[in-house]
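The structure appears right after this line, and notes come after that.
The values are calculated or read from the model by the stated rules, or taken from the named source; none is laboratory data. Being a predicted model, the structure only gives us computed values, none of them experimental. Cβ placement follows ideal geometry from the backbone for every residue including glycine, while neighbour counts extend to all protein chains displayed.
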Amino acid sequence: MNRTLRLLGLASLLGLHALGASAAGLDSLEAFVKNAKSGRADFTQTVTPPAKDGQPARAKTSTGSFEFQRPGRFRFDYRKPFAQTIVADGRTLSLYDADLNQVTQRAQAQALGSTPAALIAAAADVKALQADFTLDNQPERDGLQWVRATPKSKDGQLQNVQIGFKGDALAALEILDAFGQRSVLKFDKVELNPALPADAFQFKVPAGADVIKQ
């Protein structure tokens, strides 16, 4: 899988803010942010770049697992087709590429900004999300309630994010970035408020790995 596409999809994945609309999707978002203090799930991520020169875009698919704990801690473990780990411990965001044996680290506050991962792991309530995004309820589809978030700032990497809920549980994210690339994450085996290991969000640099600090 093209690593550049994966990292672009990942960059899009990493926030979200919102402005209110009274609808089922927003109600689900509010309940999720308020009640889900931790969670874990399996996920499938499909990244589709924009078509070029009239040729159809070729989608790339990854699978793995996801865990989060508020405030501000989460972990993505990509398993197929390449091993990659992203860990946010509340202060530092670490991205480890197993094939390259390379770790990239950034201050978490700078790396996340307004991203879906920030919503999932950090937001205290919907009011805390209202400054930077406009939220529009979307029609129900695929058995899910949807909210679309559009950044008010035109300088970021996102065009919009759609968040799908099944009841109060997060079920899907559909992310369209500024380059026209679409990243769709579908979550399965979702558990809300599980007891997570104390070291789940502690990242240890593997032996011999190169570390790049940004």
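Listing for the model above:
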| quantity | calculated |
| --- | --- |
| Residue ID - surrounded by the fewest Cβ atoms within 10 Å (Cβ to Cβ), chosen from residues in segment 93-120 that are at pLDDT 90 or above and either among the hydroxyl-bearing types (Ser, Thr, Tyr) or assigned to a loop (DSSP other than H, G, I, E, B) (or both) | Asp99 |
| Any hit, segment 125-133, residues being at pLDDT 90 or above and either assigned to a helix (DSSP H, G or I) or on the phi < 0 side of the Ramachandran plot (or both) | no |
| Total residues in segment 150-172, condition farther than 22 Å from Gln110 by Cα, surrounded by 16 or more Cβ atoms within 10 Å (Cβ to Cβ) and either within 13 Å of the chain's Cα centre (by Cα) or not aliphatic (A, V, I, L, M) (or both) | 8 |
| Residue within segment 171-181 that is at positive phi and assigned to a strand (DSSP E or B) present | no |
| Residues being over 29 Å from Val211 (Cβ atoms) and in contact with a helix residue (DSSP H, G or I) (Cβ under 6 Å, 6 or more places away or on another chain) - total across segment 50-93 | 0 |
| Qualifying positions in segment 48-92 - among the aliphatic types (A, V, I, L, M) and assigned to a strand (DSSP E or B) | Ile86, Val87, Ala88 |
| Qualifying residue in segment 142-149 (condition: loosely packed, with under 13 Cβ neighbours inside 10 Å and either within 19 Å of the chain's Cα centre (by Cα) or not hydrophobic (A, V, I, L, M, F, W, C) (or both)) | yes |
| For His17: the one exception among (1) surrounded by fewer than 20 Cβ atoms within 10 Å (Cβ to Cβ); (2) modelled with pLDDT under 90; (3) of a type outside the set (Asp, Glu) | (1) |
